[in-house]
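Take a look at the structure below.
The values are calculated or read from the model by the stated rules, or taken from the named source; none is laboratory data. The shown structure was predicted, so the numbers you read here are calculated from the model rather than taken from an experiment. All Cβ positions, even for glycine, are placed from backbone atoms using ideal geometry, and neighbour counts span all protein chains on display.
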Amino acid sequence: MIHETAIIDPAARLAEDVSVGAYTIIGVDVEIGSGTTIGPHVVINGPTKLGRNNKIFQFASIGEAPQDKKYAGQPTRLEVGDNNIIREYVTLNRGTAEGIGETVIGSDNLFMAYCHVAHDCVVGNHIVFANAASLAGHVTVGDFSILGGFTSVHQFTDIGEKAFTGLGSVITQDIPPFSTAAGNRARTIGINKEGLKRKGFSAELIRALHKSFRTLLKSRTSSPEAFEQLKPLCEQYPEVNTFVEFVKNSKRGIAR
C-alpha cells in the first residue's frame with residue numbers, strides 16, 4: 001500500500017492501512033490516521049496530524065511552512081480531522097508562533113482543486129471549498145458553509161456557520177452565519193434561504209432570521225435599539241441568537 005518510490009521519514013507515524021502513492025514525500029513529525037489514502041506526488045511536512053479516512057489527491061501540499069515573512073522556523077502545527085477530501089494542488093499551511101500556533105481543519109470537508117488555507121485558520125466541519133477558494137491567515141469558517149469558486153477571504157475575517165459565498169467573492173469583512181454574500185468587495189445580501197431549507201430549517205425560523213437580518217443590517221435603527229428589538233426572537237430561536245451575537249461581536253465589521 002506504500003509505493004516503492006515514496007519517501008517517508010522514519011519518524012513519521014502512519015497507521016498500518018494508510019495508502020501512499022508514487023513519489024510522495026512524508027516528512028518528520030507527521031501522523032496519519034487509519035484509512036487515509038494519499039495519491040502520487042503529494043508532499044506532507046510536519047508537525048502535522050491527519051485523522052482517519054482522509055483522501056488526498058495528487059500534487060497537494062499539506063503542512064508546509066506558513067507563507068509569513070515573520071516565520072522563523074518555529075515548530076507550529078497543522079491538524080486535520082477525519083473524512084476530508086483534498087483535491088489536486090490544494091495547499092494547507094501550518095500556523096505561526098505569533099498566531100494561535102496551529103492551523104485547525106475539522107472533518108467531512110471538501111477542498112476542490114487549487115484551494116488554499118493559510119496559517120492560523122480555523123475551519124469547521126462539513127464545509128465545501130469550491131475550486132480555488134482561498135483563505136488568508138487567521139480566518140475562521142463555520143460548519144456547513146459553502147465558499148464559491150475563486151472566493152478570496154482577507155486575513156482575520158470570520159465566516160459564520162451555514163453561510164454561502166458567490167463565485168469570485170472578495171471578502172474583506174465578516175459574513176454572518178446563515179447568510180449569503182457575493183461581489184468584489186463582497187456584501188451580505190440576505191439570508192441563505194435555499195441552503196437553510198435543505199438543512200431542515202422551518203419557514204418560521206427562516207422568517208425570523210430574515211427579520212433579524214433586516215433589523216440589524218438594512219434598517220436605520222441604531223445598533224443598541226436593534227439588539228433590544230430582537231431579544232424576544234433570540235429567546236425563541238437559538239439560531240437567531242447566534243446570528244445576533246455574531247454581529248454584535250464582529251471585530252472587522254459586517255460586509256454590507
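Observations on the structure shown:
- Residue 225 being charged (D, E, K, R), farther than 19 Å from residue 155 by Cα, modelled with pLDDT of 95 or more and assigned to a helix (DSSP H, G or I): no
- Any hit, the range 53-69, residues being under 16 Å from residue 94 (Cβ atoms), touching a Ser or Thr at 6+ places or on another chain (Cβ under 9 Å) and charged (D, E, K, R): yes
- Flag if residue 2 is of a type in the set (Val, Ile, Thr) and either closer than 16 Å to residue 61 by Cβ or touching a residue at least 40 places away in the same chain (Cβ under 8 Å) (or both): no
- Residue in the range 211-222 that is small (Gly, Ala, Ser) and closer than 25 Å to residue 154 by Cα present: no
- Residue satisfying condition, being crowded, with 22+ Cβ neighbours inside 10 Å and assigned to a loop (DSSP other than H, G, I, E, B), within set 251, 162: 162
- Given (1) surrounded by 20 or more Cβ atoms within 10 Å (Cβ to Cβ); (2) of a type outside the set (Lys, Arg); (3) under 20 Å from residue 134 (Cβ atoms), index of the condition residue 32 fails: (3)
- Note on the range 87-115: residues that are in a strand (DSSP E or B) and surrounded by fewer than 21 Cβ atoms within 10 Å (Cβ to Cβ) total 4.
- Residue 179 meets the conditions (1) of a type in the set (Gly, Ala, Ser); (2) surrounded by fewer than 23 Cβ atoms within 10 Å (Cβ to Cβ); (3) closer than 17 Å to residue 239 by Cβ in every case but one. The failed one is (2).
- When the range 183-222 is filtered for residues that are assigned to a helix (DSSP H, G or I), free of Cβ contacts under 8 Å to residues at least 40 places away in the same chain, closer than 17 Å to residue 147 by Cα and out of contact with any helix residue (DSSP H, G or I) (no Cβ under 8 Å at 6 or more places or on another chain), the ones remaining, listed by number, are 194, 198.
- Conditions (1) without any contact (Cβ under 8 Å) to a residue 12 or more places away in the chain; (2) among the charged types (D, E, K, R); (3) buried (at least 24 other Cβ atoms within 10 Å of the Cβ): number failed by residue 174: (1)
- When residue 90 is tested against (1) at negative phi; (2) of a type outside the set (Gly, Ala, Ser); (3) not assigned by TED's automatic domain parsing to the domain that holds residue 40, just one condition goes unmet, and that condition is (3).
- Residue match in the range 51-60 (condition: assigned to a strand (DSSP E or B) and within 24 Å of the chain's Cα centre (by Cα)): yes
- The one condition in (1) more than 25 Å from the chain's Cα centre (by Cα); (2) part of a strand (DSSP E or B) that residue 63 fails to fulfil: (1)
- Hey, residue 84 more than 24 Å from residue 193 (Cβ to Cβ) and either at pLDDT below 95 or surrounded by 24 or more Cβ atoms within 10 Å (Cβ to Cβ) (or both) or not: yes
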